[in-house]
């Protein structure tokens with residue numbers, strides 16, 4: 001009999017992480033219901049670069065970012081910005097963030113992220129095979145472009161750190177990058193080729209395909225918001241829904257991204273997660289052809305050739321969950337993309353945002369509530385939600401089934417804050 005036979009699990013959140021958790025739990029025989037107010041495909045992944053970025057293990061708090069941050073924060077269209085209304089609420093988070101800029105913390109965080117990302121592609125291959133899905137992940141590596149030798153020299157310690165962790169990164173000249181991608185500007189000083197990375201073929205289709213596969217395997221998708229839990233002493237018995245219903249549950253998984261904090265607090269987890277807005281513009285007729293996704297290091301954004309068009313994605317904007325988008329930030333990315341692709345046409349862009357859940361140490365939270373043990377949590381993946389979806393799903397299924405995990409989960413504890 002399957003491990004979870006007869007047991008009901010509610011997964012709160014239908015983004016890529018929630019879906020991967022749900023699919024892995026199905027594999028273990030649990031009866032799984034996803035609770036998500038938005039339709040499939042309308043998640044942060046749909047507005048992302050779509051990278052399976054296996055060597056993206058250097059935390060956001062690296063010293064280079066901290067040195068640039070003050071200038072960025074006063075520029076409303078810079079790579080990183082902070083809405084004034086968010087300043088007081090984010091201060092404790094930001095102090096923790098700065099504390100993680102120490103060299104030893106950077107090494108520890110990078111190693112902890114690498115333990116997750118190393119298996120990311122293989123975990124996706126297994127998950128997609130389970131659903132009978134093919135053609136959702138591309139075959140080409142990702143390039144990062146540098147304007148000057150000084151930029152590339154500044155990045156050298158982090159490139160070495162990634163190589164030391166076993167990741168494959170080549171450095172090439174700007175001319176060689178232009179040979180790989182003829183549409184690129186010809187005057188870049190150099191580029192890094194992330195040989196281990198891949199990109200999904202389309203953000204929305206990727207998530208929709210996972211959702212369709214989950215439902216086809218017998219899963220249920222409930223289109224409302226989760227607002228809380230019913231408790232019986234130290235266990236939840238049901239998930240309370242915004243329409244007044246109560247959904248019985250033997251276990252629950254909080255995978256609601258940037259909205260996870262309030263639900264987690266109801267089951268004894270005081271997590272430090274801030275919702276950070278990322279912007280994307282997808283151009284259906286960009287006038288250029290690309291085979292590789294690229295990152296423009298100076299601009300802090302990525303350009304990904306999706307099936308639906310060329311996606312220009314990036315920005316880190318701290319804002320309240322109720323804040324309206326500042327579309328100037330999306331438009332600025334499109335203008336900067338012309339530096340990368342001189343032939344780019346920008347007339348027909350479709351703009352989206354995604355709110356990504358960031359922890360101050362850039363590590364995700366993958367854990368069980370210390371006070372309500374039949375509630376698990378999977379959030380805080382920041383810019384690695386697509387990368388770590390399948391890996392997180394596998395680990396959550398192990399926790400739900402009571403099996404030992406093959407890595408130590410203490411770095412991703414909900415109580416580390």
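Among the residues of segment 327-352, those that are surrounded by 18 or more Cβ atoms within 10 Å (Cβ to Cβ) and under 21 Å from the mean Cα position of the chain (by Cα) comprise 329, 330, 333, 352. What do you reckon, is residue 388 within 15 Å of the chain's Cα centre (by Cα) and assigned to a loop (DSSP other than H, G, I, E, B)? No.
Out of the residues in segment 50-87 that are at pLDDT below 65 and part of a loop (DSSP other than H, G, I, E, B), state the one that is farthest from residue 104 (Cα to Cα). Per the stated criteria, the residue is 76. Counting only residues that are surrounded by fewer than 24 Cβ atoms within 10 Å (Cβ to Cβ) and not in a strand (DSSP E or B), segment 1-25 holds 7 of them.
Could you pull out the residue among 322, 291, 347 that is in a loop (DSSP other than H, G, I, E, B) and without any contact (Cβ under 8 Å) to a residue 24 or more places away in the chain?
Selected residue: 322, the only one of 322, 291, 347 that is in a loop (DSSP other than H, G, I, E, B) and without any contact (Cβ under 8 Å) to a residue 24 or more places away in the chain.
Would you check if there is a residue in segment 267-280 being without any contact (Cβ under 8 Å) to a residue 24 or more places away in the chain and either assigned to a loop (DSSP other than H, G, I, E, B) or surrounded by fewer than 24 Cβ atoms within 10 Å (Cβ to Cβ) (or both)?
Checked segment 267-280: no residue is without any contact (Cβ under 8 Å) to a residue 24 or more places away in the chain and either assigned to a loop (DSSP other than H, G, I, E, B) or surrounded by fewer than 24 Cβ atoms within 10 Å (Cβ to Cβ) (or both).
Taken as a whole, the structure places residue 310 among residues that are in contact (Cβ under 8 Å) with a residue 12 or more places away in the chain, surrounded by 22 or more Cβ atoms within 10 Å (Cβ to Cβ) and in a strand (DSSP E or B). Taking the conditions (1) part of a loop (DSSP other than H, G, I, E, B); (2) under 30 Å from residue 26 (Cβ atoms); (3) in contact with a strand residue (DSSP E or B) (Cβ under 6 Å, 6 or more places away or on another chain) in turn, residue 403 satisfies each one other than (3).
The values are calculated or read from the model by the stated rules, or taken from the named source; none is laboratory data. Being a predicted model, the structure only gives us computed values, none of them experimental. No Cβ is skipped: glycine too gets one built from the backbone with ideal geometry, and neighbour counts run over all protein chains shown.
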